[in-house]
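These notes are about the structure you will find just below.
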Ligand code: 2P0
């Protein structure tokens with residue numbers, strides 16, 4: 001059976017940066033993320049006995065051996081479960097460039113998991129799909145449920161999955177993706193970067209802080225405390241990048257323009273305009289704000305030299321099967 005799925009990217013507000021179990025991709029702390037409606041991956045999978053090996057193409061390019069190997073290992077998990085040996089043809093398409101800090105592995109492995117499971121005829125629950133996607137790429141677990149999600153770190157494979165949580169819908173949350181400089185691929189990817197996180201002298205305290213920030217953030221949702229929520233979003237940005245900057249060797253993902261965006265957002269608070277910055281393993285900034293402030297924030301940021309694009313996103317839905325196949 002040929003199956004196609006679409007999964008959205010997500011941006012973490014409480015970040016994942018370190019694994020307790022590399023093989024299973026169990027994180028050292030829980031994380032919390034927003035699903036992005038405008039950034040997504042579509043993937044078609046078909047298993048066939050006539051194929052000698054898995055064949056993967058993304059945006060028209062055939063995957064190299066190393067990239068194919070990672071996909072094959074993920075497909076093996078599904079083949080095992082479905083009691084299948086056939087190889088697969090996988091065609092995948094992003095509506096954004098790979099490796100620019102728009103979390104292509106999150107939407108990629110979420111779409112692959114949903115499409116491949118369906119292509120084998122397996123019927124998996126949302127939780128099972130999240131557990132499965134996590135094993136391809138940790139952040140992919142959070143692209144399965146949609147909305148705002150918490151990925152529970154868990155203490156075993158089946159207890160480490162993401163689920164939706166409630167948040168104040170009246171905030172009308174938006175996320176502005178602010179692209180800084182050219183969109184070439186980053187030099188040190190997340191998997192590689194987080195593998196050295198424990199060389200930071202601040203590692204243990206950072207893990208504890210993340211768990212506490214999940215609880216603090218959930219409390220701000222309950223109390224509808226927008227400013228406190230923003231404070232935690234930015235504290236998490238600095239927690240992640242402090243870890244990166246104090247790892248050995250250190251990792252500095254920001255550019256000057258990244259900091260210019262922070263400064264502009266901080267200055268706008270004088271006018272009661274609140275956009276909160278968060279940054280992943282790259283130089284680009286995600287601004288979390290309310291719909292009523294989008295126009296003003298966008299026009300102010302557009303004036304900063306070095307910003308190449310701003311993409312406005314709302315909150316995206318769950319990963320799901322779609323009818324339009326890619327081959
Ligand atoms: C996050 N990032 O919470 C953090 C913040 C990037 C910075 O999760 O090794 O691609 O595939 O499990 O999920 C990106 O890391 O890493 C990520 P793997 P992943 O969103």
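Read the figures in this text as sums done on the coordinates, not as results from a lab. These figures come from a predicted structure and were not determined experimentally. FYI the Cβ positions are ideal-geometry reconstructions off the backbone, even for glycines, and counts take in every protein chain you see.
Can you give the angle from 0 to 90° between the axis of helix 203-223 and the longest principal axis of the chain, with both taken from C-alpha atoms, to the nearest 10?
In the chain, helix 203-223 runs at an angle near 80 degrees to the longest axis.
Which value in deg cm²/dmol, rounded to the nearest 500, describes the helix-derived mean residue ellipticity at 222 nm for the chain, given -39,500 (n - 2.57) per DSSP H run of n ≥ 4 and division by the residue count? Display every interim value, and only then the final one.
Values: 8 runs with 115 residues, N = 327.
Using -39500 (n - 2.57) per qualifying helix, the result is -11500 deg cm²/dmol.
Working from the alpha-carbon coordinates of the stretch 126-224, get Rg over Rh, Rh being the Kirkwood radius. Mind dumping the intermediate values first?
Values: Rg = 16.0 Å, Rh = 16.0 Å.
The Rg/Rh ratio comes out at 1.00.
Between rounded, prolate and oblate, where does the stretch 171-327 land on the alpha carbon gyration tensor, with a ≥ b ≥ c its root eigenvalues, rounded for a/c under 1.5, else prolate if a/b exceeds b/c? Kindly include the intermediate steps, with their values, before the conclusion.
Working: a/c = 1.24, a/b = 1.15, b/c = 1.08.
In terms of gyration-tensor shape, rounded.
With everything on Cα atoms, drop me the angle between helix 256-268 and the longest principal axis of the chain, reported from 0 to 90° to the nearest 10.
For 256-268 against the chain, the angle is about 50 degrees.
Among 171, 17, which comes first, second and so on when ranked by fewest other beta-carbon atoms within 10 Å? Don't skip to the end; give the middle numbers.
Values: 171 16, 17 27.
With the fewest neighbours first, 171, 17 line up as 171, 17.
Give me the Kirkwood hydrodynamic radius of the stretch 169-223 in Å, from all C-alpha pairs, to one decimal place? Before the final figure, lay out each step's value.
Values: mean 1/r = 0.0668 Å⁻¹.
The Cα-based Kirkwood calculation yields 15.0 Å.
P(r) tail for the chain, what percent of Cα pairs lie past 32 Å?
On the way: 13807 of 53301 pairs.
Tail of the P(r) past 32 Å holds 26 percent of the pairs.
Rounded to the nearest 10 degrees, what's the angle between the helix 226-245 long axis and the longest principal axis of the chain, both from Cα atoms, 0 to 90?
Its long axis makes an angle of about 70 degrees.
Cα-based Rg of the stretch 24-87 per 2.2 N^0.38 Å, rounded to two decimals? Each step should come with its number before you reach the end.
Numbers: Rg = 15.0 Å, N = 64, 2.2 N^0.38 = 10.7 Å.
In units of the 2.2 N^0.38 Å rule of thumb, it is 1.40.
Anyone know which of 310, 78, 205 comes out most mobile in the 10 Å Cα GNM of the chain?
Maximum fluctuation in the GNM of the chain, among the listed residues, is at 205.
Quickly work out the residue 67-to-residue 53 label distance, labels modelled 7 Å from Cα along the C-beta direction, and quote it in nm with one decimal.
It is 1.5 nm.
Report the Cα-based extents of the stretch 60-176 along its three principal axes, largest first, to the nearest Å.
Principal-axis extents of the stretch 60-176 (Cα, largest first): 48, 32, 24 Å.
So between residue 255 and residue 1, what do we pick up on full extension, going 0.36 nm a residue minus the alpha carbon distance? Can you show the working numbers first?
Values: separation 254, 0.36 × 254 = 91.44 nm, distance 4.63 nm.
Once the chain is fully extended between residue 255 and residue 1, it gains 86.8 nm.
Tell me, 242, 1, 194 in order of fewest to most beta-carbon neighbours within 10 Å?
Details: 242 14, 1 9, 194 25.
Exposure proxy ranking, most exposed first: 1, 242, 194.
Does the stretch 198-269 classify as rounded, prolate or oblate by the C-alpha gyration tensor (a ≥ b ≥ c root eigenvalues; a/c under 1.5 gives rounded; else a/b over b/c gives prolate, otherwise oblate)?
Values: a/c = 4.31, a/b = 1.19, b/c = 3.61.
Cα axes put the stretch 198-269 in the oblate bin.
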